[in-house]
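The values are calculated or read from the model by the stated rules, or taken from the named source; none is laboratory data. Nothing here was measured: the structure is a model prediction, and the numbers come from that model. No Cβ is skipped: glycine too gets one built from the backbone with ideal geometry, and neighbour counts run over all protein chains shown.
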Amino acid sequence: MKITDILSKQAIKIGLDASNKEEALKELVDVLTTVKDVGDKKAIVKALIERENLGSTGIGQGIAIPHGKTDRVNELIAVLGISKKGVNFEALDGEPVFIFFLLVAPRDSAGPHLKALAKISRLLRDNYICELLRNSKDEKEAYDIIRNEEEKRH
């Protein structure tokens, strides 16, 4: 599985407006609804907030990987959001978050969801890639950065 298998160019937003965790999650879910009919957006936001209450998915170094499950999708879907100003996401290191990878999975799946988390974590461990993503001027550029990196690794 590649990240680009679950992330489409339409599921990327450069320049998130959010300034806090809940706003960021709502904005990412809004992007999700442009690529997939997920029914009740509020229910997905609620599931993501419940997951956040277990422990922040803001993993530090300006990165968050919020994730949740719903019976409204039949396959794993990713959304990439880039904030230029940073969001107070209550990250583990207390720093603002600039790169968000939202993952929404079918309720009864575990394998693909965990594989995707691992792939995204590996990709974002590379500070150079994170810098490129943060400086992307548009969605196509961000998508191409990820696609090119995946092609190099295969």
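The residues of the stretch 91-131 that are at pLDDT below 95, of a type outside the set (A, V, I, L, M, F, W, C) and touching a strand residue (DSSP E or B) at 6+ places or on another chain (Cβ under 6 Å), listed by number, are Arg107, His113. For Ser136, the criteria (1) assigned to a loop (DSSP other than H, G, I, E, B); (2) free of Cβ contacts under 8 Å to residues at least 12 places away in the same chain; (3) not charged (D, E, K, R) hold in every case but one, which is (2). Can you tell me which residues in the stretch 19-58 are touching a helix residue (DSSP H, G or I) at 6+ places or on another chain (Cβ under 8 Å) and acidic (Asp, Glu)? Result: Glu22, Asp30, Glu52. Taken over the stretch 10-56, residues that are of a type outside the set (S, T, N, Q) and more than 23 Å from Lys85 (Cβ to Cβ) amount to 16.
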